[in-house]
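Worksheet: one structure, shown below.
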């Protein structure tokens, strides 16, 4: 059902070809869920692996993500009633005082096309807003971003607020951004640090 061809087309950033192959698969009787799980998601994983090994770069990841997003819209027409295709939920946001969102947006895009439900709170998110979102959406994961050193301390504030609210124990916290590191993650009690979007997606999958 063209699954391998879809993977390769996604990995090469070929939007037109990917959409053509998805439509052919649908016409041939493939379900939208199978196209997503056996074609599109493995394709974006190929790009993530290449990014990690230095074989491709940020523009390549962005291009592949846009290709998969459009292809998923087409594939979703072949979905029937049944279990959700989303693996788990993550609340995502850039901490208070920080207005940078490029890295966060890339994480959101990669996680979305990798099958996660993403609740993006945006930028300059205060601790009480993180707490409110965790209460409301009951996510599996929380992702926080900080690009500048003056705002990275807000991550600790958020984690402390979650503890005070009794919401930390069953929640995995992952942080990222230019200002933070693996050592800082351990220092503030986060569960993981990710250097880039592909690694964030991989870490969340390992936690499932």
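Before moving on, here are some points about what is shown:
- The ranking of 41, 6 by Cβ neighbour count inside 10 Å, starting from the fewest, reads 41, 6.
- Cα gyration tensor shape of the chain, rounded if a/c is under 1.5, else prolate or oblate by comparing a/b with b/c: prolate
- Taking the C-alpha atoms only, the angle from helix 153-164 to the longest principal axis of the chain is near 90 degrees.
- Normalising the average separation of contacting C-alpha pairs (under 8 angstrom, six or more residues apart) by the number of residues puts the relative contact order of the chain at 18 percent.
- Rounded to 10°, Cα long-axis angle of helix 127-137 versus longest principal axis of the chain: 40
- Span from the the range 1-44 Cα centroid across to the the range 98-150 one, whole angstrom: 29
- Taking a ≥ b ≥ c as the square roots of the eigenvalues of the Cα gyration tensor, the range 89-207 is rounded, since a/c falls below 1.5.
- Cα-based helix-to-principal-axis angle, 102-113 vs the chain, degrees rounded to 10: 50
- Among 97, 43, 115: highest mean-square fluctuation, GNM of the chain, C-alpha pairs under 10 Å: 97
- Cα-projected label distance for residue 149 with residue 131, points at 7 Å along beta-carbon direction, nm: 3.0
- With an a/c value of 1.5 or above and a/b not larger than b/c for the gyration tensor axes a ≥ b ≥ c computed over the alpha-carbon atoms, the range 1-41 is described as oblate.
- Each semi-axis of the equivalent ellipsoid for the range 140-208 is √(5λ) with λ an eigenvalue of the Cα gyration tensor; in descending order they amount to 17, 17, 8 Å.
- Comparing 118, 158, 58 in a Gaussian network model of the chain (Cα springs below 10 Å), the most mobile by mean-square fluctuation is 58.
- Full-stretch length increase - residue 87, residue 138 - with 0.36 nm per residue and alpha-carbon distance subtracted: 17.0 nm
- Extension gain, residue 73-residue 37: 0.36 nm per intervening residue step, less the Cα-Cα distance, totals 11.6 nm.
- Helical content alone sets the calculated 222 nm signal of the chain at -16000 deg cm²/dmol, taking -39,500 (n - 2.57) per DSSP H segment of four or more residues and averaging over every residue.
- Listed residues 175, 134, 102, most fluctuating in the chain (Gaussian network, C-alpha, under 10 Å): 102
- Sorted ascending by nearby beta carbons within 10 Å, beginning with the fewest, 65, 31 become 31, 65.
- Counting all C-alpha pairs of the range 3-78, share separated by more than 22 Å (%): 16
All of the numbers you see were taken from the coordinates with simple rules; none came from a lab. A quick note: this is a predicted structure, and the numbers were derived from the prediction, not measured. No Cβ is skipped: glycine too gets one built from the backbone with ideal geometry, and neighbour counts run over all protein chains shown.
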